[in-house]
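Below: one structure, written as structure tokens.
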Amino acid sequence: LISPEGRIATNYHVIEEGNNFEVVLSDGEIYRDIDVIELDVVRDIAILKIHGFDLNSAALGDSNSLSVGDELIVIGSPKGFSQSVSRGILSAKRSIEDDGYTLYQTDAAISPGSSGGGVFNADSKLVGLVVSKAFDAEGVNFFIPINYVQGLQESIERLSLNENSPLFS
């Protein structure tokens, strides 16, 4: 959650294949009426909205202020184990030249199922979204800088994310 009004940042690849989703908050509350606010397919970002208010959301940091060697905390759900936490450092900032953006590399443990999870700095501010890992190497994992999300979250709602509304037709 990136706002008390129910905005959620995740990866596009997390929602691209489905049309029937639910959001389960850490207190167990379930939301099934989910709107798509914005998509950035190239950077693999989806901004969604649940219909809630006064929700406990992450404070957003400035990913541009991160330096190689900074400590990071990653929270995800690898293999369905929700709220799993790992720790690491920012290993590098990698330019994805063909697509014109940057991914950040970390050695924090990331496993399949953690996509869209939060990457936090030492001040507990959200600085990124888990996106991928190198399957042929250990400790080579990547996240999307949160500053890419910042510009997308101000958009207005586009359509519903449920079985009656095809998202990508």
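The values are calculated or read from the model by the stated rules, or taken from the named source; none is laboratory data. Computed from a predicted model, the values in this text were never measured in an experiment. Cβ atoms come from the backbone with ideal geometry, glycine included; neighbour counts cover every protein chain shown. For the accessible areas, the whole protein counts, side chains as well, though only heavy atoms, and no ligand, DNA or RNA atoms are used. Shrake-Rupley method; radii C 1.70, N 1.55, O 1.52, S 1.80 Å.
Could you check the stretch 37-55 and list, in sequence order, the residues that are outside any loop (DSSP other than H, G, I, E, B) and buried (at least 19 other Cβ atoms within 10 Å of the Cβ)?
37, 38, 39, 45, 46, 47, 48, 49, 50, listed by residue number.
So, of the residues in the stretch 15-25 that are part of a loop (DSSP other than H, G, I, E, B) and within 17 Å of residue 117 (Cα to Cα), which turns out to be most open to solvent (accessible area, probe 1.4 Å)?
22
Output the residues belonging to the stretch 89-124 that are open to solvent by less than 20 Å² (accessible area, probe 1.4 Å) and in a loop (DSSP other than H, G, I, E, B).
108, 110, 114, 116, 117
Test of understanding: among 31, 12, which residue is more than 19 Å from residue 151 (Cβ to Cβ), touching an Asp or Glu at 6+ places or on another chain (Cβ under 7 Å) and either of a type in the set (Gly, Ala, Ser) or at pLDDT 90 or above (or both)?
Answer to the check: 31.
In the stretch 6-14, is there at least one residue being of a type in the set (Lys, Arg), more than 21 Å from residue 125 (Cβ to Cβ) and open to solvent by 40 Å² or more (accessible area, probe 1.4 Å)?
No.
Quick check: anything in the stretch 64-83 touching a helix residue (DSSP H, G or I) at 6+ places or on another chain (Cβ under 9 Å), under 14 Å from residue 148 (Cα atoms) and in a strand (DSSP E or B)?
The answer is no, given that none of the residues of the stretch 64-83 is touching a helix residue (DSSP H, G or I) at 6+ places or on another chain (Cβ under 9 Å), under 14 Å from residue 148 (Cα atoms) and in a strand (DSSP E or B).
Which of the following residues is aliphatic (A, V, I, L, M) and within 17 Å of residue 117 (Cβ to Cβ): 96, 30, 37, 47?
Going through 96, 30, 37, 47 in turn, just one is aliphatic (A, V, I, L, M) and within 17 Å of residue 117 (Cβ to Cβ): 47.
State all residues of the stretch 76-88 that are open to solvent by less than 60 Å² (accessible area, probe 1.4 Å) and not polar (S, T, N, Q); if no residue qualifies, say none.
76, 78, 88
Please enumerate the residues belonging to the stretch 26-36 that are assigned to a loop (DSSP other than H, G, I, E, B) and of a type outside the set (Ser, Thr, Tyr).
Correct list: 27, 28, 29, 32, 33.
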